[in-house]
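Undergrad: There's a structure below that I have some questions on.
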Amino acid sequence: MNKYTGVIFDLDGVICFTDKYHYQAWKSVADRLHIPFDETVNNRLRGVSRMDSLEIILERYDGRLSGQEKEALAEEKNELYKKLLCNMSPADLSSEVKDTLDALRASGLKLAIGSSSKNTKFILKRLGLGEYFDAISDGTNITRSKPDPQVFLMAADFLGMAPENCLVVEDAEAGIAAACAGGFDSAGLGEAAACGRATYAMRTFADLKAICHA
Ligand code: B16
Ligand code: MG
């Protein structure tokens with residue numbers, strides 16, 4: 001029997017891995033402005049919105065920038081990032097993730113995406129999952145980013161389900177905090193498994209089958 005009626009997946013770090021592309025694109029912008037930027041700073045950007053990511057990078061910038069200049073830098077990064085995303089293909093979707101999604105769906109669960117990214121639909125298409133999910137809530141329909149629960153509450157709403165009937169799957173601590181704030185159970189991978197706040201700490205994506213079919 002299923003423990004939930006719906007599962008809401010974060011995208012970057014759960015379904016696919018775009019860290020290296022975010023890194024390359026932000027690095028190019030940071031280098032041009034002579035801002036020190038490394039993997040440690042990049043790790044702080046996980047699950048954080050584009051403009052909030054820029055503010056974190058600018059913590060090490062000496063000069064001052066207007067709102068318009070910041071918008072232009074975020075746009076510059078996104079153009080580079082989108083070019084890099086064109087390297088992605090269905091081969092970037094692991095068979096473990098695809099097989100697990102298929103098994104969850106076959107058991108009657110509805111599946112949704114809850115991502116901060118405004119590039120969600122583009123990434124899903126690159127992975128061959130353009131039409132796969134029952135609902136998509138992403139950076140284009142929210143005004144507040146994680147740890148605010150808005151993106152997950154809207155995903156549950158799009159599925160027509162209450163938060164207590166949905167499981168959120170996340171790789172970022174901010175995402176687990178968002179799930180808790182929204183009244184969702186959560187399953188954490190990586191940093192999100194280690195943070196101690198997730199309902200379930202996952203070792204690997206396929207653990208979801210046991211978590212959902214209690
Ligand atoms: P974009 P998620 C997040 O996606 C990424 O983890 C984060 O690094 C990125 O800054 C954010 O999306 C916004 O992405 O610039 O494409 O709108 O983990 O919530 O799926
Ligand atoms: Mg993520």
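The values are calculated or read from the model by the stated rules, or taken from the named source; none is laboratory data. Treat the numbers as computed from the prediction; the structure is a model and nothing was measured. Heads up, the Cβs are rebuilt from the backbone with ideal geometry, glycines too, and the neighbour counts pull from every protein chain shown. When the accessible area is computed, the model is the full protein with side chains, heavy atoms only, and any ligands, DNA or RNA have been set aside. Shrake-Rupley method; radii C 1.70, N 1.55, O 1.52, S 1.80 Å.
Undergrad: Residues of the stretch 149-188 with backbone nitrogen within less than 11 Å of a virtual label 7 Å along the Cα-to-Cβ line of residue 141, please, listed as ranges.
TA: Only 151-160 pass the distance filter.
Undergrad: Give me the percent of the accessible area of the chain that comes from carbon and sulfur atoms, probe 1.4 Å, all protein chains in place.
TA: Working: 4980 of 9940 Å².
Roughly 50 percent of what the probe reaches on the chain is carbon or sulfur.
Undergrad: What 222 nm value per residue comes from the helices of the chain, counting each DSSP H run with n ≥ 4 as -39,500 (n - 2.57) and dividing by all residues, nearest 500 deg cm²/dmol? Provide the component values of the computation, followed by the final result.
TA: Working: 10 runs with 94 residues, N = 214.
For the chain, the value works out to -12500 deg cm²/dmol.
Undergrad: Gaussian network model of the chain, Cα springs within a sub-10 Å range: biggest mean-square fluctuation belongs to which of 190, 175, 67?
TA: 67
Undergrad: Further question: What's the center-to-center distance, using Cα atoms, between the stretch 170-214 and the stretch 29-105 in Å?
TA: With the stretch 170-214 and the stretch 29-105 each reduced to a Cα centre, they are spaced 22 Å.
Undergrad: Among 74-87, 136-149, how do they line up by average Cβ neighbours within 10 Å per residue, starting with the highest? Spell out each step's value before the answer.
TA: Details: 74-87: 14.9, 136-149: 17.6.
So the order, starting with the most tightly packed, is 136-149, 74-87.
Undergrad: Now a separate question. Using the crude model of +1 on Lys and Arg Cβ and -1 on Asp and Glu Cβ, and no other charge, please compute the dipole size for the stretch 24-136 relative to its Cα centre, in debye to 20.
TA: Working: 18 positive and 18 negative charges, 43 e Å.
In debye, rounded to 20, the stretch 24-136 gives about 200.
Undergrad: Another question, if that's okay. Build a GNM of the chain with springs between Cα atoms under 10 Å: which of 188, 13, 63 gets the top mean-square fluctuation?
TA: Comparing 188, 13, 63 in the GNM, the peak value goes to 63.
Undergrad: Quick one: if the Förster radius is 35 Å, what FRET efficiency do residue 164 and residue 55 give, using the C-beta to C-beta distance and rounding to 0.05? Write down the numbers at each step before the final one.
TA: Numbers: r = 34 Å, r/R0 = 0.96.
Between residue 164 and residue 55 the formula returns 0.55.
Undergrad: Now, a different point. Number of Lys-Lys pairs in the stretch 31-134 under 25 Å by Cα, sequence gap 8 or more or different chains?
TA: Counting lysine pairs in the stretch 31-134 gives 22.
Undergrad: Cα gyration tensor of the stretch 150-214, axes a ≥ b ≥ c as square roots of the eigenvalues: rounded (a/c below 1.5), prolate (a/b > b/c) or oblate? Mind dumping the intermediate values first?
TA: Values: a/c = 2.18, a/b = 1.31, b/c = 1.67.
It comes out oblate by the Cα gyration axes.
Undergrad: What spacing in nm lies between the two simple spin-label points modelled at residue 87 and residue 24, each 7 Å away from Cα in the Cβ direction?
TA: With each label point 7 Å from Cα toward Cβ, the separation is 0.3 nm.
Undergrad: Next question. So what is the accessible area of the chain per residue, in Å², with the probe set to 1.4 Å?
TA: Details: 9940 Å² over 214 residues.
With the other protein chains kept in place, the chain gives 46 Å² per residue.
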